[in-house]
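Notes to accompany the following structure.
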Amino acid sequence: MNANHDKAALRELAQDARRQFPPKERAAATRLVCQHGKTLVCKLAEQNQMTIVSGFWPIHDEIDIRPLMIELSKAGLTCSLPVVDQKNSPLIFRQWQLGEPLKEDELGLHQPREDAPLVAPHILIVPLLAFDADGNRLGWGGGYYDRTLAAFRETSNILTVGVGFSLQQVDKLPQDRHDQRLDFMVTEKGSIEFS
C-alpha cells in the first residue's frame, strides 16, 4: 500500500488488502499473532506488575483475538472488552471472559452487559486497519481509541499493543494532532516495540 492518500482512501486500501488475504493463510497468521501476542502481553504484565488487559470482539474482517483472550485469562490476567458508553467520548471497559453473555449495540458491536464490573485496563490490545514503522495506527475513523488513550495517558500508565497482519503495514500514515501512537505491534512475524 502507498500511504500518499488521505485516511479515507487508506482505509479502503487497507480493507481491500485484508479481504484478499487467502483464508488458509489468514487462519495460520491469526494463530501466530495470538501466540506472539500472548508472549508479549504476559511479559509486559509481569515486568510492569499489570493485571488487567482489554481486548476486542472482532467486527467486519478484523483479526479474531478471542483465542488470545482465552490464553491471557488462563495466564491469570483479568480480561475486559471496550464499551461505547457515549458517542464522541472515551471508551469504558467492562470485565469479560469467554462464555459470559454479550449484548449487541446499534453499531453491531458486541459488548459486556451493564452488570459486568467496570475496570481500568493496564494493557490495551487495539484493532487497526493499518500501521506504520513509527507506531502510528489507522482505525475505523470514529476516534474512540484516540480519545481513550489520550484520557488514560493523562492519568495512568497504560501500554498499547496493536494487533494485525504484516500486510497491514504501510510506509507512512498521515497524522492529526489527536492521533495516539502504539507502544507495541504484533503481527504473524512477531512483535515490534516503538520508541
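Among (1) touching a residue at least 40 places away in the same chain (Cβ under 8 Å); (2) surrounded by fewer than 19 Cβ atoms within 10 Å (Cβ to Cβ), which single condition is residue 131 missing?
The number of the failed condition is (2).
I'd like the full set of residues that are buried (at least 16 other Cβ atoms within 10 Å of the Cβ), within 27 Å of residue 106 (Cβ to Cβ) and in contact with a Gly (Cβ under 7 Å, 6 or more places away or on another chain), limited to the range 26-67.
63, 65
Restricting to the range 92-126, what's the tally of residues that are at pLDDT below 95, closer than 21 Å to residue 41 by Cβ and either under 14 Å from the mean Cα position of the chain (by Cα) or acidic (Asp, Glu) (or both)?
Number of matching residues: 1.
A quick yes/no check of all residues on (1) touching an Asp or Glu at 6+ places or on another chain (Cβ under 7 Å); (2) not aliphatic (A, V, I, L, M):
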| site | (1), (2) |
| --- | --- |
| 64 | no, yes |
| 81 | no, no |
| 87 | no, yes |
| 101 | no, yes |
| 105 | no, yes |
| 115 | no, yes |
| 119 | no, no |
| 127 | yes, yes |
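Could you check the range 96-108 and list, in sequence order, the residues that are surrounded by fewer than 17 Cβ atoms within 10 Å (Cβ to Cβ) and touching a residue at least 12 places away in the same chain (Cβ under 8 Å)?
Those that are surrounded by fewer than 17 Cβ atoms within 10 Å (Cβ to Cβ) and touching a residue at least 12 places away in the same chain (Cβ under 8 Å): 97, 98, 100, 101, 102, 105, 107, 108.
Residues are listed down the side, and each one gets a yes or a no for (1) in contact (Cβ under 8 Å) with a residue 60 or more places away in the chain; (2) of a type in the set (Gly, Ala, Ser); (3) closer than 23 Å to residue 130 by Cβ:
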{"position": "9", "(1), (2), (3)": "no, yes, yes"}
{"position": "27", "(1), (2), (3)": "no, yes, yes"}
{"position": "62", "(1), (2), (3)": "yes, no, yes"}
{"position": "92", "(1), (2), (3)": "no, no, no"}
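Checking residue 119 against (1) in contact (Cβ under 8 Å) with a residue 12 or more places away in the chain; (2) surrounded by fewer than 17 Cβ atoms within 10 Å (Cβ to Cβ); (3) under 29 Å from residue 49 (Cβ atoms), which test does it fail?
With (1) in contact (Cβ under 8 Å) with a residue 12 or more places away in the chain; (2) surrounded by fewer than 17 Cβ atoms within 10 Å (Cβ to Cβ); (3) under 29 Å from residue 49 (Cβ atoms) applied to residue 119, the lone miss is (2).
The values are calculated or read from the model by the stated rules, or taken from the named source; none is laboratory data. Being a predicted model, the structure only gives us computed values, none of them experimental. As a convention, Cβ positions derive from the backbone with ideal geometry for all residues, glycine included, and neighbour counts pool all protein chains shown.
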